[in-house]
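Here the structure comes first, spelled out in structure tokens, and everything after it is commentary.
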Amino acid sequence: MASSSACGNARRVTDLDNQAGYWNSTGATKTFGHPVALPWLDGIDRRARVLDYGCGYGRLAGLLVRQGFENVEGVDVAPRLVSRAKNEQPGAQFTVLTNPPQLDQQEDSVDLVLLFAVLTCIPGDAGQRELVTELRRVLRPGGLLYVSDLCLQEDHRNRSRYQQFAAKYGTYGIFETGDGVVCRHHTTDWLDQLFGDFALVAGREVAVETMNGRPALATQRLMVKPHAETPRTGRTAPATA
């Protein structure tokens, strides 16, 4: 009986790994604010090919264009957000993802991928693994993956909803927001496992506001897709500026 329930939970979470309807309606009104550690990007050639996966309304893509990056593309599942990005950030290219997480980019063709507050929108393990596998495919050896996402929070409100929805979704940290979307906050151990094929360059924890304007703690990692001979690690580096 327990095994059958677990399988049901797994299927239910998998069905939520693409919540495009929410992001093209209620989600399109949200504000996203995870900060970028610009010093982490100082050594990157401004002609590098940059991909902002889950670009939303183009906030990060526009920031990188203003920092001198010449070849920035954002992709998102929500046509409404992509349309806004095109209007507000004319210096970058934007495309609607029609079959996420599959990308049109060729293998080993991208120099830098940004993945900001995207995993929180993909609650299932399988969906997150599929996305990271696709990003690894398009990144060239030596290419960089910059991830920012939400940790498990320690406040009473979040702990209560983690507990409330753990049985329903099968993972502590998955919860319903109340306005139509299911999200996930992450343990360090899970992120270490998820990005185990990448080598860590830098890491930090930062205070952010969620899309609903609440204070939260996020983890940020800059990682490199190793060359075949490069040792890999999933361990967290000391915090850097």
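Structure values in brief
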item	result
Highest-first arrangement of 103-111, 122-130, where packing means the average Cβ count within 10 Å	122-130, 103-111
Compactness of segment 77-126 - radius of gyration and Dmax, Cα, Å	12.6, 35
Nitroxide proxy distance, nm - points 7 Å out along Cα→Cβ at GLN164 and ARG66	3.7 nm
Simple spin-label estimate for LYS86 and GLU107 in nanometres, 7 Å along Cα-Cβ	3.2 nm
Segment GLU176-LEU152, length gained on full extension (0.36 nm per residue, minus Cα span)	7.2 nm
Partner lysines for LYS86 [C-alpha distance under 18 Å; skip if fewer than 8 residues away on the same chain]	LYS30
Mean projected area (nm²) of the alpha-carbon convex hull when segment 2-224 is viewed from all directions	11.7 nm²
Label-to-label distance, nm, for residues given as THR95 and ASP189 (7 Å Cα→Cβ offset)	3.8 nm
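Any read-out appearing in this document is the output of simple, stated calculations on the displayed coordinates, not a laboratory observation. Source: prediction; values computed, not measured. In this analysis, Cβ positions are derived from the backbone assuming ideal geometry, glycine residues included, and neighbour counts consider all displayed protein chains.
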